[in-house]
Amino acid sequence: MKKVDLNFGPVRLGILIVLVIVWTYTGLEKLLNLESTRKAMLNQPMPNELEEVLVWVVPSIELILAGMLVLVSSRWWGLLASALVLSVFTTYVGLIWVGAFPRVPCSCAGFLESMGWLEHLIFNSF
């Protein structure tokens, strides 16, 4: 089995740092503003029971991802999981942008909340 190279050049290290900052910031922001997070999550186009669970699950996953990326032993899995979660978030934002839902929900944190959907889609894509 081939060993995965975890040596990061400056660009890869920059991406890693940005991911750690984004996951930490959004996870903490959602937990520190839990009532606002709950209201935004309850506005999502899915069953309320699932939304109540996601109030805790989404920020927890974001913080776990940040931790995985910091630890060298779990970095590869953290990068893979980050790519998966960002793909899900980006797909969801894309669906919102094209008007796939009857209302425009948002449970974004901090500065992401001030972005338009197209800007959010571009940000998530990178």
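Coordinate-derived values only; no laboratory data. Since the model is a prediction, treat every value here as computed from it, not as a measurement. So basically every Cβ, Gly included, is an ideal-geometry build from the backbone, and we count neighbours across all protein chains shown.
Annotations
- D_trans [Stokes-Einstein, Kirkwood Rh over alpha-carbon pairs] for the range 13-90, 4 °C, 1.567 mPa s, µm² s⁻¹: 100 µm²/s
- Exposure proxy ranking, count of Cβ atoms within 10 Å, fewest first, for 29, 49: 49, 29
- Looking at the range 1-95, the chymotrypsin sites (Phe, Trp or Tyr not before Pro) that sit in a DSSP loop and have at most 14 other Cβ atoms within 10 Å of their own Cβ are 8.
- Formal net charge of residues neighbouring residue 58 (Cβ-Cβ distance under 13 Å; K, R +1; D, E -1): -2
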